[in-house]
Structures are given as C-alpha cells and as structure tokens.
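Worksheet: one structure, shown below.
The values are calculated or read from the model by the stated rules, or taken from the named source; none is laboratory data. From a predicted model like this one, the values you see are computed outputs, not experimental measurements. Using ideal geometry, Cβ is built from the backbone for each residue, glycine included, and neighbour counts are taken over all protein chains shown. Areas reflect the complete protein model, heavy atoms only, side chains present, ligands, DNA and RNA absent. Shrake-Rupley method; radii C 1.70, N 1.55, O 1.52, S 1.80 Å.
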Amino acid sequence: MTQIVSKSSKPMTLEEYLDYDDGTDTRYELVDGELVEMPTESPENCQLAKLLMFELAKHVPIALINLKDLEIAVSGRRAKVRLPDLAVLSEEGQAALAGQRRNTITQEMPPPVLVVEVVSPGPENRDRDYRYKRTEYAARAIAEYWIIDPEMQQVTVCLWVNGQYEDRVYQGDGPIQSTVIPGFGLSAAQVLAFGQN
C-alpha cells in the first residue's frame, strides 16, 4: 500500500523533489506535487525484473538498462515523477544523464525507449500501472511500455503508434514482439516464470 508522505497546502515542485533527502533509503514517487512512499516490492517481482534485465542485456548494452534506479519526470497537472521497475534508454538518453546529480530523466531529456512495470497485487497497484502510468508514459512518447502481470499471467506491450499506445496482450507460449528489442523472442510464460525461480 502506498502512503502519501507530504500533504501540504503547497505542492512540491520538481526541483524541490530533486533536492529532497530524508536521510533514508526510502523510495518516493512525486504524484501531483505530493511525495508518495513506494512500498517494498515482493521477492518474486524483484526476481522477475532482475532476470528480465539480464535477458534484455543480450540485446542492448547493459549501460542503457536501469533496474529500479531511474526516475522519469512525466506530465500532470502538477509535478510528477515515476520510478519504473526497469527502463532502457537510448544512447542519447544515457548521454543526457551524464553529469547529473540524480538518475532522473527530466522533460527536456530524451525519454526512455522502453519502460517495464511488474504489477504488484492489489487494485491500487493495478490502477497505477494500467491506467495512470500508461497515460503518463504515453504523454512522454515512450516507444514501448510493458506491463508484466503475474496475477493475470500476461504481458501487455503498449506500442507508441501515431501519438497513442496500441496494446498487444501476450499469454502462454507466443513470442513477445517488440519494436525496440526486435530479437527478444521470449514468450509471456517464459518471462513470468522469472518470478518463480
């Protein structure tokens, strides 16, 4: 369950968020100017994301892959920053991060080419990954957004086509088709099995 940490009359700006440090390892997203503490991931979700990172590294340089350590500024009525489970940057995006004090992709920087979210149990998490993040990542024109859903046993690949996402849902043994990682070729069943090892 997520918890709003800062509920104040004045919403936090992106600059204030980037300067914020409470001295802990707690991860926060910034949602409409409010700090929202992100819950600890399940071991299965962490394992799935980590093994998927190793699989992606067979197709793209490891330096372009970020595992749970990248922040993405997205659009909203107030400042908003998301922390995807996994992201793949373009070389230009990686170069834009050089010299930054935080691993944050701001609105002025090239967006990631691929973002992956592993859905945690519960309606709040499902809404966040399927509804809110989908809209926010589409607004950043991220080429592909993968929603890996262990509960539904499916992988949804949202492809950026003519200004919006078109969804392809994969279940079972059919290979996942990616425009960003063309040689990927694993099935939804194989990806979902990563969380069960």
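Scan the stretch 182-191 for residues that are under 19 Å from the mean Cα position of the chain (by Cα) and at pLDDT below 95 and jot them down.
The answer is PHE184, and nothing else.
So the check is Cβ under 8 Å with 6+ separation or different chains; which pairs have a first residue in the stretch 54-67 that's closer than 11 Å to GLN94 by Cα and a second one that's surrounded by fewer than 15 Cβ atoms within 10 Å (Cβ to Cβ) and modelled with pLDDT of 95 or more?
LEU64/GLU91; ILE65/ALA57
Under 8 Å between Cβ atoms, which residue pairs at least 6 apart in sequence (or on different chains) link something in the stretch 97-122 that is touching a residue at least 60 places away in the same chain (Cβ under 8 Å) with a partner that is among the hydrophobic types (A, V, I, L, M, F, W, C) and loosely packed, with under 14 Cβ neighbours inside 10 Å?
GLY122/MET1
Among the listed residues GLU166, GLU151, which satisfies the condition of being surrounded by fewer than 17 Cβ atoms within 10 Å (Cβ to Cβ), among the acidic types (Asp, Glu), over 22 Å from SER42 (Cα atoms) and more than 16 Å from the chain's Cα centre (by Cα)?
GLU166
Can GLU92 be described as within 23 Å of LEU159 (Cβ to Cβ), out of contact with any Phe, Trp or Tyr (no Cβ under 7 Å at 6 or more places or on another chain) and either part of a helix (DSSP H, G or I) or of a type in the set (S, T, N, Q) (or both)?
Considered against the rule, which asks whether it is within 23 Å of LEU159 (Cβ to Cβ), out of contact with any Phe, Trp or Tyr (no Cβ under 7 Å at 6 or more places or on another chain) and either part of a helix (DSSP H, G or I) or of a type in the set (S, T, N, Q) (or both), GLU92 comes out as yes.
Return yes when TYR130 is farther than 16 Å from GLU15 by Cα, outside any loop (DSSP other than H, G, I, E, B) and free of Cβ contacts under 8 Å to residues at least 40 places away in the same chain and no when it is not.
So TYR130 passes the test.
For the stretch 120-158, give me each residue that is among the hydrophobic types (A, V, I, L, M, F, W, C) and under 18 Å from VAL74 (Cβ atoms).
ALA138, ALA139, ALA141, ILE142, ALA143, TRP146, ILE147, CYS158, listed by residue number.
So which residues in the stretch 54-92 are open to solvent by less than 30 Å² (accessible area, probe 1.4 Å), farther than 17 Å from TYR28 by Cα and either at pLDDT below 95 or not small (Gly, Ala, Ser) (or both), if there are any at all?
The answer is GLU55, LEU56, VAL60, LEU64, ILE65, VAL88, LEU89.
Would the stretch 171-180 turn up any residue that is under 18 Å from the mean Cα position of the chain (by Cα) and buried (at least 20 other Cβ atoms within 10 Å of the Cβ)?
yes
So PRO11 passes all but one of these: (1) within 16 Å of the chain's Cα centre (by Cα); (2) touching a residue at least 24 places away in the same chain (Cβ under 8 Å); (3) in a loop (DSSP other than H, G, I, E, B). Which condition number does it fail?
PRO11 satisfies all of (1) within 16 Å of the chain's Cα centre (by Cα); (2) touching a residue at least 24 places away in the same chain (Cβ under 8 Å); (3) in a loop (DSSP other than H, G, I, E, B) except (1).
Which condition number does GLU108 fail, the rest of (1) under 22 Å from LEU30 (Cβ atoms); (2) acidic (Asp, Glu); (3) in a loop (DSSP other than H, G, I, E, B); (4) in contact with a strand residue (DSSP E or B) (Cβ under 7 Å, 6 or more places away or on another chain) being met?
Going through (1) under 22 Å from LEU30 (Cβ atoms); (2) acidic (Asp, Glu); (3) in a loop (DSSP other than H, G, I, E, B); (4) in contact with a strand residue (DSSP E or B) (Cβ under 7 Å, 6 or more places away or on another chain) one by one, GLU108 breaks only (4).
With (1) modelled with pLDDT of 90 or more; (2) in a loop (DSSP other than H, G, I, E, B) as the list, and GLU41 as the residue in question, which single condition is left unmet?
(1)
For the stretch 96-143, which residues satisfy the criterion of being open to solvent by less than 30 Å² (accessible area, probe 1.4 Å) and polar (S, T, N, Q)?
THR104, THR106, SER120, ASN125 - these are the residues of the stretch 96-143 that are open to solvent by less than 30 Å² (accessible area, probe 1.4 Å) and polar (S, T, N, Q).
Being farther than 21 Å from TYR130 by Cβ, assigned to a loop (DSSP other than H, G, I, E, B) and within 16 Å of the chain's Cα centre (by Cα) is true for just one of ASP69, ASP21, ASP25. Which residue is that?
Being farther than 21 Å from TYR130 by Cβ, assigned to a loop (DSSP other than H, G, I, E, B) and within 16 Å of the chain's Cα centre (by Cα) holds for just one of ASP69, ASP21, ASP25, which is ASP69.
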